[in-house]
RNA sequence: GGGAGAUUAGCUCAGCUGGUUUAGAGCAUAUCGUUUACACCGAUAGGGUCGGGGGUUCGAAUCCCUCAUCUCCCACCA
């Protein structure tokens with residue numbers, strides 16, 4: 001039988017197992033229309049956090065909806081090798097064991113990394129199952145598995161052969177902690193508090209000096225010039241002179257360059273071509289010496305000549321002390337500047353000159369930009385289009401090499417000055433032999449670097465279908481239907497996938513992109529480990545059930561906006577499950593009879609509920625088409641909680657000791673299972689469970705494939721029932737204010753002289769109002785002076801006989817308040833209608849509506865006035 | 001410095017091409033309630049001159065201008 005309390009944990013495990021065993025998540029191409037989603041692959045060693053839960057709940061909702069609609073739904077799961085992030089984790093793990101990466105060979109390190117991956121890899125995919133994710137697990141892909149790697153090498157070679165790949169010696173963003181280069185997109189800038197040092201440089205051969213301002217005194221050993229603006233009158237006398245670098249003693253020229261901002265600091269700039277992008281440019285213009293004073297790990301190099309081997313930030317302190325001791329510091333100011341940090345290691349990024357591989361992006365960007373601007377790839381929310389356009393129009397070449405070991409090794413081999421690019425070493429040798437016939441494999445030196453992790457993920461929508469080999473799969477599932485991801489990786493990932501899509505398939509990778517917001521806490525702070533404001537995702541599922549968590553995530557997630565996570569919403573979700581469970585218990589507890597006819601009341605109630613569901617279904621369809629999932633869910637929540645439970649079930653609920661008519665019962669079962677089907681994408685487990693309890697003789701095996709193809713039943717009951725509900729609410733209000741017990745049945749009079757046609761011609765309404773209002777009888781009358789408390793709903797005047805003395809003053813007070821409101825209302829309408837310009841210019845139906853509003857308002861004023869008059873008379877007599 | 005977006009009840013947000021909205025929802029709040037599904041509950045109620053100012057229009061939360069505040073993206077001056 002049905003347990004008193006809903007046990008989410010148990011039931012969720014049961015159904016997930018069932019779905020898996022029946023293979024409902026599997027997809028193979030067939031004649032049906034496909035609906036495909038590729039998962040944004042989480043880091044292979046990651047654990048489920050709130051962002052994943054949001055993201056994957058949305059994908060699951062969309063996939064389940066499509067599956068219900070009879071489409072061939074395919075959600076491809078997988079993980080990302082996450083080159084730098086994983087390598088950093090492994091390095092840290094090894095360090096804890098007392099092993100230094102630098103003591104290991106490449107192979108030894110990779111062994112550890114693979115071990116780590118085998119141990120922790122895929123945990124996150126297990127966790128997604130707990131959330132209810134209906135992925136086709138047989139398709140699980142990994143960016144570094146054979147198929148995906150092959151795609152990477154193929155694409156690399158292809159880019160090289162078409163001239164879109166090159167090596168360049170440039171200023172790059174260097175992460176001294178991971179000891180690798182980073183792309184521009186992997187550097188996060190933020191304002192940080194720092195100091196501005198004003199440092200005195202002596203002029204060679206005189207007592208004169210020049211003062212420069214710098215935030216990085218530790219780079220002074222790398223100075224090779226002092227620059228001033230050519231038109232700056234303060235420095236004209238320094239033309240042709242040299243300055244002496246403090247402490248270091250190097251003689252450096254005073255140069256004149258437009259780049260210098262005369263307003264900043266003293267208008268003089270120290271130039272360190274090896275460690276600043278702009279300085280590097282100046283250096284090139286003036287043929288300055290480049291002195292690289294840092295090692296790869298951010299410590300001082302031999303060329304620095306001071307503090308060799310010590311960290312740059314330690315040196316900053318020590319060196320500025322030295323400067324001060326020697327009288328070179330003029331002043332030190334507090335200063336706020338923009339500091340770039342590595343997205344993965346959080347290390348302060350160091351500009352550094354080095355030789356790296358780049359992708360020439362310009363040609364790739366053109367079709368990708370066009371596709372988005374013309375909505376061929378449609379963005380939700382639209383506002384992301386501008387951000388995308390700006391980046392695309394100013395696109396810079398993509399630095400794809402990384403000085404790491406965990407990742408796809410760059411398929412390039414070197415011999416003397418030549419480079420040979422091929423999918424593997426043998427092919428490279430074949431190519432190389434055309435020029436050097438006697439080469440052997442041993443002569444070719446492989447590239448030591450690996451590729452940016454995004455160089456494999458930008459192929460994901462193609463490579464998960466083995467699209468470079470399996471054209472049939474690709475044709476069926478690709479372009480994928482929608483991509484669901486956070487806006488924070490729009491450049492790192494989304495833009496590049498679109499480029500790759502057009503480059504290698506000639507098509508967009510997905511029809512639509514739904515950008516989710518970031519998950520934040522109630523104070524709008526980003527969720528982070530450091531703040532400790534991120535709840536444990538699995539614990540939440542444990543505590544509230546996956547359905548509850550899914551509800552909580554979706555209820556607070558307006559399309560595209562940030563999600564302010566509040567555990568209360570998850571609680572609300574759990575409560576909703578409880579509510580639904582109890583509605584089931586109620587239904588299943590009724591005794592059924594087929595004696596007599598179904599009452600008009602029940603027939604009407606069911607018809608009304610059916611029409612409400614139809615209306616909600618139409619709305620839901622619209623909400624889905626615009627990815628307004630939050631609104632869709634909330635309207636279902638209201639439909640089930642309020643319309644179905646609070647109104648419909650109360651309407652049909654048998655009196656104590658009575659039975660429910662089997663026709664009504666069958667309708668209620670059907671309506672509730674329809675509701676479950678609608679809600680299923682959002683809360684898959686409880687809807688499945690309830691659905692099975694309702695459909696004892698089920699035709700299909702599972703709610704997942706039970707779609708409700710509804711036909712329009714019209715909506716002629718909606719308005720009259722709204723009026724009925726208003727009447728009931730008013731009665732309850734009066735009861736509460738008058739202290740009349742729910743048990744006491746009252747008499748209600750409705751004045752037929754007014755506008756009651758829509759309502760009273762609907763058979764069954766009377767039964768509904770009587771039952772819910774707990775009335776003895778409803779009398780339709782044209783008498784105006786019935787004793788009781790009157791109220792107006794719509795344009796109906798109702799009088800409730802309370803069998804107790806009426807507080808005339810209080811009644812008059814209420815009526816007068818209402819009268820004033822109505823007068824104000826009618827006035828505002830009158831203003832419009834008495835305006836010739838309105839009547840002449842506004843469309844006819846708008847004018848007609850206003851006329852109707854006024855007529856209704858006047859009717860209400862008339863009723864109110866009559867009632868006030870009557871009560872006043874009564875009071876005075 | 002360049003660009004985008006936002007500002008509606010205590011909170012989070014709807015309000016889609018100006019007209020049944022003197023503005024809706026959920027949560028929160030208050031009052032009442034041991035009615036035989038549910039206190040993870042029921043019933044009812046209160047709450048906003050739609051950031052300020054100006055304009056267009058017969059009519060503006062909705063369009064335009066301006067000011068204020070906030071958020072984000074890009075670039076970056078040491």
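Observations on the model:
- Taking the numbered list (1) within 16 Å of RNA strand B (Cβ to nearest atom); (2) at pLDDT 95 or above in turn, residue A:456 passes all entries but (1).
- Candidate set: the stretch A:273-290, residues that are assigned to a loop (DSSP other than H, G, I, E, B) and in contact with a strand residue (DSSP E or B) (Cβ under 9 Å, 6 or more places away or on another chain); chosen: the one nearest to RNA strand B (Cβ to nearest atom): A:276
- Set A:873, A:862, A:831: member being more than 15 Å from RNA strand B (Cβ to nearest atom), part of a helix (DSSP H, G or I) and more than 27 Å from residue A:725 (Cα to Cα): A:873
- Search result, residues across the stretch A:387-419 that are under 26 Å from residue A:105 (Cα atoms), in a loop (DSSP other than H, G, I, E, B) and in contact with a strand residue (DSSP E or B) (Cβ under 8 Å, 6 or more places away or on another chain): A:400, A:403, A:404, A:405, A:406, A:407, A:408, A:410, A:411
- The residues of the stretch A:1-40 that are within 16 Å of RNA strand B (Cβ to nearest atom) and surrounded by 18 or more Cβ atoms within 10 Å (Cβ to Cβ), listed by number, are A:6, A:8, A:11, A:12.
- Subset tally (residues that are farther than 15 Å from residue A:792 by Cα and surrounded by 16 or more Cβ atoms within 10 Å (Cβ to Cβ)) for the stretch A:834-867: 5
- Inter-residue pairs, beta-carbon under 8 Å, first more than 6 Å from RNA strand B (Cβ to nearest atom) and in the stretch A:728-742, second at pLDDT below 90 and assigned to a loop (DSSP other than H, G, I, E, B), 6+ apart: A:734/A:740; A:734/A:802; A:735/A:741; A:735/A:742; A:738/A:802; A:738/A:804; A:740/A:802; A:740/A:804
- Qualifying residue in the stretch A:605-622 (condition: part of a loop (DSSP other than H, G, I, E, B) and at pLDDT below 95): no
- When residue A:636 is tested against (1) under 20 Å from residue A:65 (Cβ atoms); (2) out of contact with any helix residue (DSSP H, G or I) (no Cβ under 8 Å at 6 or more places or on another chain); (3) in contact (Cβ under 8 Å) with a residue 40 or more places away in the chain; (4) more than 10 Å from RNA strand B (Cβ to nearest atom), just one condition goes unmet, and that condition is (2).
- Filtered residues of the stretch A:37-50 (kept if within 20 Å of residue A:84 (Cα to Cα) and under 14 Å from the mean Cα position of the chain (by Cα)): A:40, A:49
- Residue in the stretch A:537-544 that is near RNA strand B (Cβ under 8 Å from one of its atoms) and touching a residue at least 40 places away in the same chain (Cβ under 8 Å) present: no
- Residue selected from the stretch A:267-298 under the condition free of Cβ contacts under 8 Å to residues at least 24 places away in the same chain and within 24 Å of residue A:314 (Cβ to Cβ), by the criterion surrounded by the most Cβ atoms within 10 Å (Cβ to Cβ): A:279
- Residue satisfying all of: in the stretch A:564-579; more than 8 Å from RNA strand B (Cβ to nearest atom) and crowded, with 21+ Cβ neighbours inside 10 Å; nearest to residue A:14 (Cα to Cα) among these: A:573
- Scan of the stretch A:585-604 for residues that are more than 26 Å from residue A:759 (Cβ to Cβ), at pLDDT below 90 and out of contact with any helix residue (DSSP H, G or I) (no Cβ under 6 Å at 6 or more places or on another chain), ordered by number: A:595
- The lone exception for residue A:788 - which of (1) out of contact with any strand residue (DSSP E or B) (no Cβ under 8 Å at 6 or more places or on another chain); (2) more than 16 Å from RNA strand B (Cβ to nearest atom); (3) in contact (Cβ under 8 Å) with a residue 12 or more places away in the chain it fails: (1)
- Scan the stretch A:549-562 for residues that are within 8 Å of RNA strand B (Cβ to nearest atom) and closer than 20 Å to residue A:128 by Cβ and the total you get is 0.
- Candidate set: the stretch A:424-447, residues that are under 27 Å from residue A:109 (Cβ atoms) and touching a strand residue (DSSP E or B) at 6+ places or on another chain (Cβ under 8 Å); chosen: the one surrounded by the most Cβ atoms within 10 Å (Cβ to Cβ): A:428
- Residue A:668 vs. criteria surrounded by 22 or more Cβ atoms within 10 Å (Cβ to Cβ) and either in contact with a strand residue (DSSP E or B) (Cβ under 9 Å, 6 or more places away or on another chain) or without any contact (Cβ under 8 Å) to a residue 12 or more places away in the chain (or both): yes
- Residue within the stretch A:659-674 that is within 14 Å of RNA strand B (Cβ to nearest atom) and assigned to a loop (DSSP other than H, G, I, E, B) present: yes
- In the stretch A:309-349, of all residues being in a loop (DSSP other than H, G, I, E, B) and exposed (fewer than 15 other Cβ atoms within 10 Å of the Cβ), the one that is nearest to the chain's Cα centre (by Cα) corresponds to A:346.
- Flag if residue A:490 is in contact with a helix residue (DSSP H, G or I) (Cβ under 9 Å, 6 or more places away or on another chain), within 12 Å of RNA strand B (Cβ to nearest atom), in contact (Cβ under 8 Å) with a residue 40 or more places away in the chain and farther than 26 Å from residue A:123 by Cβ: yes
- Here is the figure for the stretch A:250-265: residues that are more than 18 Å from residue A:277 (Cα to Cα), within 7 Å of RNA strand B (Cβ to nearest atom) and surrounded by 12 or more Cβ atoms within 10 Å (Cβ to Cβ) total 2.
- Residues in the stretch A:598-633 that are in contact with a strand residue (DSSP E or B) (Cβ under 8 Å, 6 or more places away or on another chain) and more than 28 Å from residue A:66 (Cα to Cα): A:598, A:599, A:602.
- Filter pass, residue A:817 being within 13 Å of RNA strand B (Cβ to nearest atom), more than 21 Å from residue A:719 (Cα to Cα) and either assigned to a loop (DSSP other than H, G, I, E, B) or out of contact with any strand residue (DSSP E or B) (no Cβ under 6 Å at 6 or more places or on another chain) (or both): yes
The values are calculated or read from the model by the stated rules, or taken from the named source; none is laboratory data. In this text the structure is predicted, and so the values were computed from the model without any measurement. Neighbour counts are summed over all protein chains in view; Cβ atoms, including those assigned to glycine, are modelled from backbone coordinates with ideal geometry.
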